[in-house]
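S.K.: The structure that follows is given in the form of structure tokens.
The values are calculated or read from the model by the stated rules, or taken from the named source; none is laboratory data. What you see is a predicted model; the values in this text were computed from it and never measured. Note that each Cβ is placed from the backbone with ideal geometry, even for glycine, and that neighbours are counted across all protein chains shown. Each accessible area value is taken on the protein alone, full model and side chains, heavy atoms only, with ligands, DNA and RNA left out. Shrake-Rupley method; radii C 1.70, N 1.55, O 1.52, S 1.80 Å.
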Amino acid sequence: MEQVDGSDGQWIADALERYLNKELWDQWIGTVATTIPDSFQAYARILHRVSGNTTPEVRWTDVAAAKGTAVHPAVQFHRLAQTELYGNAVLEGAPYGRPDQGELDQTQLVALAEILAGHTAAGQDVFQAVWVGWGSFAPGDGGIPDGAGERLRVAGGLREYWVFRGAMAELARPPWSEEEGGTHRENPNLAWPAGRSWCLATEIDFDSTLVGGSAELIAAVVNSPVLEALQVSPATNLSSEGDVINAPRQ
């Protein structure tokens with residue numbers, strides 16, 4: 001893997017910019033289309049697992065069953081769990097935490113990478129972009145490749161990312177991961193193959209990850225027994241106020 005110039009991901013920034021102008025901002029901010037390019041046939045939203053060391057795993061559907069709420073494409077966890085924004089879920093009097101923001105956990109990433117590999121041409125380069133704001137994460141440190149290149153700037157610089165080019169196998173096991181002898185645990189916030197047949201996007205303020213690709217790819221993601229995922233559209237509102245089905249906590 002090598003660090004490359006942010007221009008390799010400029011196509012993503014250009015796609016999002018169409019919805020982040022003054023005329024469309026109020027209508028589209030917080031939607032799928034302002035997080036991942038709208039050029040794909042279909043989209044999936046992967047719900048990040050509820051935090052906490054629980055066995056068996058607690059899913060969003062478990063929280064919904066306990067609270068009498070509903071899981072749907074625009075669901076927001078605080079509405080689902082009937083708690084305040086960024087609050088922890090409480091089930092049967094016990095705290096269960098809340099989903100991680102801005103990062104798909106390793107178990108889910110491994111499962112997703114296996115699915116993506118089946119929809120990626122053999123030998124194709126895969127790009128990963130990691131948000132520059134993750135603490136000490138910087139090229140040259142703890143197994144992170146270091147090279148020349150500018151950052152990828154998205155949304156007029158509101159988000160900036162380090163960009164790396166490597167193999168498909170490195171999506172779930174980049175050289176900076178502890179599994180590969182590195183000292184970092186950050187997973188990609190953006191990823192795409194050179195052919196741009198799919199794209200992965202984890203916005204740092206969201207507790208879910210988006211995948212765009214073919215209908216067949218998205219069906220595989222939604223039907224994965226490891227992933228808790230729903231099909232969404234570019235217009236699906238993922239902002240904190242986007243859940244209009246589950247009422248706010250009284």
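S.K.: Based on Cβ point charges of +1 for Lys and Arg and -1 for Asp and Glu, what charge dipole magnitude is obtained for segment 1-116 about its Cα centre, in debye rounded to the nearest 20?
M.R.: 580 debye
S.K.: Along Cα→Cβ, 7 Å out, is where each label goes; now give me the distance between the ones at E178 and A70 in nm to one decimal.
M.R.: 4.0 nm
S.K.: I'm spelling it out carefully: the read-out is semi-axes √(5λ) of the Cα gyration tensor in Å, the candidates are (1) 38, 23, 19; (2) 34, 20, 15; (3) 29, 21, 18, and one was derived from this structure. Which label?
M.R.: (3)
S.K.: How much of the accessible area of the chain, in percent, comes from carbon and sulfur atoms when a 1.4 Å probe is used?
M.R.: The C+S portion of the solvent-accessible surface of the chain is 48 percent.
S.K.: Computed FRET efficiency, Cβ-Cβ of A121 and E84, R0 51 Å: what is it to the nearest 0.05?
M.R.: Efficiency at R0 = 51 Å is approximately 0.65.
S.K.: Segment 125-192 to segment 1-74: how many Å between their Cα centroids?
M.R.: Here the answer is 19 Å between Cα centres.
S.K.: Per residue, how much accessible surface does segment 146-250 expose to a 1.4 Å probe? Answer in Å², no decimals.
M.R.: 44 Å²
S.K.: Need the full-extension length gain, A219 to V244, defined as separation in residues times 0.36 nm minus the C-alpha distance. One decimal, nm.
M.R.: 6.5 nm
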